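Input: a single structure, listed below in structure tokens.
Readers should treat all values here as calculations from the given coordinates under stated rules, not as data from a laboratory. Here the structure is a predicted model, which means the values were calculated and not measured. Please note: Cβ atoms are built from the backbone with ideal geometry, for glycine as well, and neighbour counts cover all protein chains shown.
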Amino acid sequence: MGREIGKIRNVSIIAHSGAGKTTLGEAILFNAGATERLGRVDDGTSVLDFEPEEIARKMSISASLHHYEWNRHHINLIDTPGFANFLTETRNALRVSGGAVVILSAISGVKIQTEKIWQFADEYEIPRIAFVNKMDRERASFLRAVDDMEKAFGARGIPIQLPIGAEEGFRGVVDLIEMKAYIYNGEGSFDIAEIPPEMMEDAESFRVRMVEAVAEGDDILLEKYLEGGELSREEILQGLRESVITNKFVPVLCGSALKNIGVKQLMDAINLYLPSPLDKGTVTGKDPATGEDKRREPSPDGPFSAFVFKTLSDPYAGKLSIFRVYSGTIKGDNHVLNTSKGAKERVGQLYILEGKKYRPVESLSAGDIGAAAKLKETATGDTLCDDHDPIVFPPLPPVSPVLSYAILPKTKADEDKVHGAIAKLIEEDPTLQFSRDEQTKEFIISGLGQVHLEVAVEKLKRKYGVEVDLKTPKVPYKETIRTTVKVQGKYKKQSGGRGQYGDTWLKLEPLPRGKGFEFVDEIVGGVVPKQFIPAVEKGIREAMEHGVLAGYPVVDVKVTLFDGSHHSVDSSELAFKIAASMGFRKGMAMAKPVLLEPIMAMEIIVPDENLGDVIGDLNSRRGKIQGVEPRANSQCIKALVPMAEVLTYANDLRSLTGGRGIFTMEFSHYEEVPTHLREKIISAAKEGK
Ligand code: GDP
């Protein structure tokens, strides 16, 4: 949009749920004049948390974007979710951010989810500044929050402010660089004053700590400092900026988002210390044709490239692809190449986002975050670029779902619409998955946790008018045999009119696990005529669809047709099919049939202190531990566990580990169900009919 790229900041606000991200975002937008009134989470008037599912839960579910101007800088602000089920949105937001504001609660410090978010920020090397929020609350403690951050993340926190007053009496901050006090007097305005005398000693010692930290990061500054020279204001500011951008330490500020105290100083700090797209420098992708590295300069000139990090799906306006531009400029009514899909896309109107509203713009340039409507092929994680000079940026890492439910549409009308509606939800949220279990015939929705799937159900209803219930999915059991038998299958009907005659001798043998079905024809001398043999195989296959124990499909069986007889007039395909089918069922009942259950291969990462509990719990679920490997502060357990025991594991692991455990699982193989559980499964299956 033709703004100076060095004055752009792309900033995510990150923290656990309830730390005050949205409240802070609202205060920032209000202070900058980007919104006319101060939106409040508690009244449901936030412009950042505007989806009904968010308002109802007072919790951000998806990243939301806004922008503001502050001191001639242009800031794109991303309010991110902090709740475990929705952290993929947070990770994607960080991917396109230049920097982040980490909120620490002055009451509860750092919570578990913040650890994960911090790891994402580490992964993308995102420079951070910290804001200790809720200084106005009872038992608020600034230094405890700083200490918490250092312990939890191994990060170095350097206060560049101190709070003035505490709890009810919290009224402003001391700026350790300017050595001034900012005393707030309501509605976000403040007076500049001298540091209160009783705070002077603390202010001086924290200032020394800050100046030392700055000097340590730069040889020239260090020399000057050690030789007894004070650093100038400019040197401190410059040194702080360098230290933040190179992730040497995290400057810590404080305030109250709710009372709008200290927020303006935080806005100054965002401009001063967080990087612009220029500081981030060139970005690297690949040439889609050769696979070789390709670079892009953060400049509005040069070939256009952008990364789509989010998709919105609006039942009326359609699809909106939200992207960060890395190089070049794109104008509306244009064509771009989607290199991830190998497809050309027509770009119509371009927008920038303001909470739930979109504002049309003519163009978007390097450093900007904006959106285009109705790109047909484009999905979250794709690269868009100039088709004369293609580049593809690394895709987003895959996310594997941890919890599945069967979806039961409430009415026929819901059933007709559910597929299309879920497809739209997945467009917005690729961490949702939808599939049909061929065996159980259930439609299965999978996601990252209980709340994630509940929110999906609510959105189906609100946005697409589709009502469904969630139900624990059925386990796709199978059946097989354990011994070899020989059996006759004969079908004879010879009363009145044309009769039916088919006669087969079958041998049923068990096959190793996973081998499926094998049919062998050993007929000699045409006792079963050639033309009826396919009917015999078909009869067996049909019989195998429903085993004799509980009606589950039969697998891992070899059937040999070795003898039989026929009748020159009455034999028919149908007669042989029925005969073989009867023979198979009779034989299966004789061949010691057993139930098979799916076994999942799981990898569970838990903090050291939960290891014993989690392993104990896995044992009680008939799990077989394959190994335990240490990771940083945590342990990775590999185990094989029956699917029937882990249908709601996402919720169970959450309560076992206070939300710190994570896991993945995938189907591994089938195993025999232990005898003591067999009868229960069989009678449940019969009841279900
Ligand atoms: P988020 O989940 O991190 O976005 O947190 P919210 O912004 O939704 O805030 C969670 C709750 O904390 C809300 O009830 C806010 O009103 C409250 N809150 C946020 N910031 C402050 C603050 O500075 N002081 C006090 N007393 N409450 C706050």
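Which FRET efficiency value, to the nearest 0.05, is calculated for Glu242 and Thr411 with the Förster distance at 45 angstrom and r the Cβ-Cβ distance? Intermediate values should be presented prior to the final figure.
On the way: r = 62 Å, r/R0 = 1.39.
Approximately 0.10, to the nearest 0.05.
Within region 511-546, which residues have the backbone N less than 19 Å from the label spot 7 Å out from Gln494 along Cα→beta-carbon, could you tell me?
527-529
Mind listing the long-range amide H neighbours of Gly172? Cut-off is under 5 Å, sequence gap 5 or more, other chains count too, H placed in the peptide plane at 1.01 Å from N.
Distant-sequence amide H within range of Gly172: Ile164, Tyr184.
Apply 1/(1 + (r/R0)^6) to the Cβ-Cβ distance of Lys624 and Ala684, taking R0 = 25 Å, and write down the FRET efficiency to the nearest 0.05. Could you put the intermediate results ahead of the total?
Details: r = 24 Å, r/R0 = 0.97.
With a Förster radius of 25 Å, E is 0.55.
For Gln439 paired with Glu234, estimate the spin-label separation in nm (one decimal), with each label point 7 Å from Cα along the Cα-to-Cβ line.
That separation, rounded to one decimal, is 7.4 nm.
Please work out whether region 150-293 counts as rounded, prolate or oblate from its C-alpha gyration tensor, where a ≥ b ≥ c are the square roots of the eigenvalues and a/c under 1.5 means rounded, while otherwise a/b larger than b/c means prolate and anything else oblate? Let's see the in-between values first.
Values: a/c = 2.47, a/b = 1.50, b/c = 1.66.
Oblate, since a/c reaches 1.5 and b/c is not below a/b.
If you take the charge dipole of region 280-330 about its Cα centre, with +1 on Lys and Arg Cβ and -1 on Asp and Glu Cβ, which of Phe309, Val325, Thr282 is farthest toward its positive end?
Phe309
How much of the calculated P(r) for region 279-419 lies past 20 Å, in percent of all Cα pairs? Don't skip to the end; give the middle numbers.
Working: 4983 of 9870 pairs.
Counting pairs separated by more than 20 Å, the tail of P(r) holds 50 percent.
Collect residues whose amide H, placed 1.01 Å from N in the peptide plane, falls under 5 Å from the amide H of Ser363; neighbours closer than 5 in sequence don't count.
Those lying under 5 Å, H to H, from Ser363: there are none.
Can you tally the net charge around Lys151? Count Lys and Arg as +1, Asp and Glu as -1, for every other residue whose Cβ sits under 12 Å from the Cβ of Lys151. Don't skip to the end; give the middle numbers.
Numbers: positive: Arg144, Arg156; negative: Glu115, Asp147, Asp148, Glu150.
Summing Lys and Arg as +1 and Asp and Glu as -1 gives -2.
Through the Karplus equation 6.51 cos²θ - 1.76 cosθ + 1.60, θ set to phi - 60°, convert the phi angles of region 74-82 into ³J(HN,Hα) values in whole Hz; use x for Gly and Pro.
Result, rounded to whole Hz: 10, 10, 9, 10, 10, 8, 10, x, x.
With r defined as the distance between the Cβ atoms of Val524 and Met590 and R0 fixed at 25 Å, what FRET efficiency is calculated, to the nearest 0.05?
Working: r = 25 Å, r/R0 = 1.00.
Approximately 0.50, to the nearest 0.05.
Simple spin-label model, 7 Å along Cα-to-Cβ: Cys636 to Thr483 in nm?
For Cys636 paired with Thr483, the spin-label model returns 4.6 nm.
Scaled to the compact-protein estimate 2.2 N^0.38 Å, what is the alpha-carbon radius of gyration of the chain, rounded to two decimal places? Don't skip to the end; give the middle numbers.
On the way: Rg = 32.6 Å, N = 689, 2.2 N^0.38 = 26.4 Å.
In units of the 2.2 N^0.38 Å rule of thumb, it is 1.24.
Label 7 Å along Cα→Cβ of Ala289; region 376-417 residues with amide nitrogen under 15 Å?
Of the residues in region 376-417, 386-392 have backbone N under 15 Å from the label point off Ala289.
Compute for region 33-83: radius of gyration divided by Kirkwood radius, i.e. Rg/Rh, restricted to C-alpha atoms, rounded to two decimals.
Details: Rg = 11.9 Å, Rh = 11.8 Å.
Checking Rg against Rh, the ratio lands at 1.01.
Normalise the Debye intensity by I(0) for region 338-452, one equal point scatterer per Cα, no solvent, then take log10 at q = 0.12, 0.14 Å⁻¹ and round to two decimals.
Each listed q maps to, in turn, -0.63, -0.80.
7 Å from Cα along Cα→Cβ at both Thr648 and Phe667: what's the point-to-point distance in nm?
Spacing of the two 7 Å Cα→Cβ label points: 2.4 nm.
Would you work out which of Cys254, Ile220, Ile13 lies farthest towards the positive end of the dipole of the chain, given +1 charges on the beta-carbon of Lys and Arg and -1 on that of Asp and Glu, about the Cα centre?
The Cα lying farthest towards the positive end belongs to Ile13.
What ranking, highest mean first, results for peptides 374-380, 291-297 when packing means the other Cβ atoms within 10 Å averaged over each residue? Spell out each step's value before the answer.
Details: 374-380: 18.1, 291-297: 13.9.
The most tightly packed comes first, giving 374-380, 291-297.
Measure nothing fancy, just the Cα-based angle from helix 573-590's long axis to the longest principal axis of the chain, in degrees from 0 to 90, nearest 10.
Orientation of helix 573-590: about 70 degrees from the principal axis.
What share of the DSSP beta bridges in region 1-106 is antiparallel, in percent to the nearest 5? Could the numbers behind the result be given before it?
Details: 7 of 17 bridges.
Just about 40 percent of them are antiparallel.
What are the ³J(HN,Hα) couplings of region 335-350, residue after residue, when phi is run through the Karplus curve with 6.51, -1.76, 1.60 and θ = phi - 60°? Round to Hz, x for glycine and proline.
Once rounded to whole Hz, the list reads 10, 10, 9, 8, 6, 5, 9, x, 10, 7, 10, 8, 9, x, 6, 9.
Where does each of 461-470, 69-78, 488-497, 302-311 land if you order them by average Cβ count within 10 Å, highest first? Display every interim value, and only then the final one.
Numbers: 461-470: 16.9, 69-78: 19.6, 488-497: 13.7, 302-311: 23.8.
Packing order, densest peptide first, comes out as 302-311, 69-78, 461-470, 488-497.
Take every DSSP beta bridge with both residues inside the chain and express the antiparallel ones as a percent of the total, to the nearest 5. All intermediate terms of the calculation are to be shown ahead of the outcome.
On the way: 119 of 147 bridges.
Of all bridge pairs located within the chain, approximately 80 percent are antiparallel.
Which three semi-axes in whole Å describe the equivalent ellipsoid of region 510-554, each the square root of 5 times a Cα gyration tensor eigenvalue, listed largest first? Walk me through the intermediate numbers first.
Values: eigenvalues 119, 36, 11 Å².
Square roots of five times the eigenvalues give 24, 13, 7 Å.
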